[in-house]
1. For segment 34-60, how many residues are out of contact with any helix residue (DSSP H, G or I) (no Cβ under 7 Å at 6 or more places or on another chain), within 22 Å of residue 73 (Cα to Cα) and either in contact (Cβ under 8 Å) with a residue 12 or more places away in the chain or not in a helix (DSSP H, G or I) (or both)?
2. Pull out all pairs, ordered by first then second residue, where Cβ-Cβ is under 8 Å, the residues are six or more apart or on different chains, the first lies in segment 110-134 and is not assigned by TED's automatic domain parsing to the domain that holds residue 159 and part of a helix (DSSP H, G or I), and the second is at pLDDT 85 or above and buried (at least 23 other Cβ atoms within 10 Å of the Cβ).
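The values are calculated or read from the model by the stated rules, or taken from the named source; none is laboratory data. Note that the structure is predicted; figures quoted are calculated from it, not measured. A quick note on method: Cβ atoms are made from the backbone with ideal geometry, for glycine too, and the neighbour counts reach across all protein chains shown.
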């Protein structure tokens, strides 16, 4: 397999991977650090890229694993890293609080999902990957990616509606 030109890959995909990480962790500084770690890991594993999926998908997979490694090392829960407030935002305080609370509840519900629902939800919503690529990442079809995402979305919606996002992991 040919080696990936990571300099051009960084120039082309860093912004998208950064936004994926920012949505995962909710912290701009941490997302930037994780982005650098992601591309370092990608450089070390560049020969393992098999070209069956998009480079962005592969990088987001590495980014997600890098984020989870960070959480394990620091023994932190994803919700301890809520988004930072932006000082020059145009939203009023009440609207920001509502958005932060909604984001926190959604993140909590998603992290309560079992695999593969959790990962499929993250890849579709945060990385905005097409169903076909999600299916390919799992060795499945596009239809599987679509159905699994819809099921995960339904699980998250049920947890939000009944307030069970704080209770236990969804099966």
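1. So the count comes out to 1.
2. Pairs that qualify, where the first residue is not assigned by TED's automatic domain parsing to the domain that holds residue 159 and part of a helix (DSSP H, G or I) and the partner is at pLDDT 85 or above and buried (at least 23 other Cβ atoms within 10 Å of the Cβ): there are none.
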